[in-house]
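Comments concern the structure below.
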Amino acid sequence: MHTIDCTSHNWLAYQLCNEALRRHLHLITGRVVDLGCGTAPFKIDILVLANEYIGVDWPNSLHSGAHVDIECDLCGPFPFPDGFADTVISTEVLEHIPTPSAFLSEAARILKSGGVLFLTVPFQWHVHEAPHDYYR
């Protein structure tokens, strides 16, 4: 299992998120859409189980964009048809969305019936990527 870099001051939070995600990776199938993929820390592990991985991120993301397949505004409609993905994953992104309910509605819309949503969010975590850090 590849993990997120744990060298920052948030190492314990990263470890706990990685462990929680690791326990459920067996649920990943088919086409996976990673919303707010950033550096795509789980891509290699996901592709062991999935048929396809699509990394989605903002065009102006603070990350390099090297792992982004599709750029879009994560606050607006996603550029996928209804029921497009078997699995949707979004790790440490929801806190950067000013309207989380709209993001979750879009994630549900692009997810096939019976699909799986992997969602992790920080709780006790420093403000980061300000001014776009809205919720805990």
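The values are calculated or read from the model by the stated rules, or taken from the named source; none is laboratory data. The structure displayed is predicted, hence computed values, not measured ones. We place every Cβ from the backbone using ideal geometry, glycine too, and count neighbours over all the protein chains shown.
If you go through the range 94-113 and keep only what is crowded, with 18+ Cβ neighbours inside 10 Å, at pLDDT 95 or above and assigned to a helix (DSSP H, G or I), you end up with Glu106, Ala107, Ile110. Within the range 66-85, the set of residues being surrounded by 16 or more Cβ atoms within 10 Å (Cβ to Cβ), under 14 Å from the mean Cα position of the chain (by Cα) and of a type outside the set (A, V, I, L, M) comprises His67, Cys72, Phe78. Could you check how many residues of the range 42-70 are in a loop (DSSP other than H, G, I, E, B) and modelled with pLDDT of 85 or more? Residues that pass the stated criteria total 5. Of everything in the range 71-93 that's modelled with pLDDT under 90 and in contact with a strand residue (DSSP E or B) (Cβ under 9 Å, 6 or more places away or on another chain), which residue is nearest to Glu106 (Cα to Cα)? That would be Val93.
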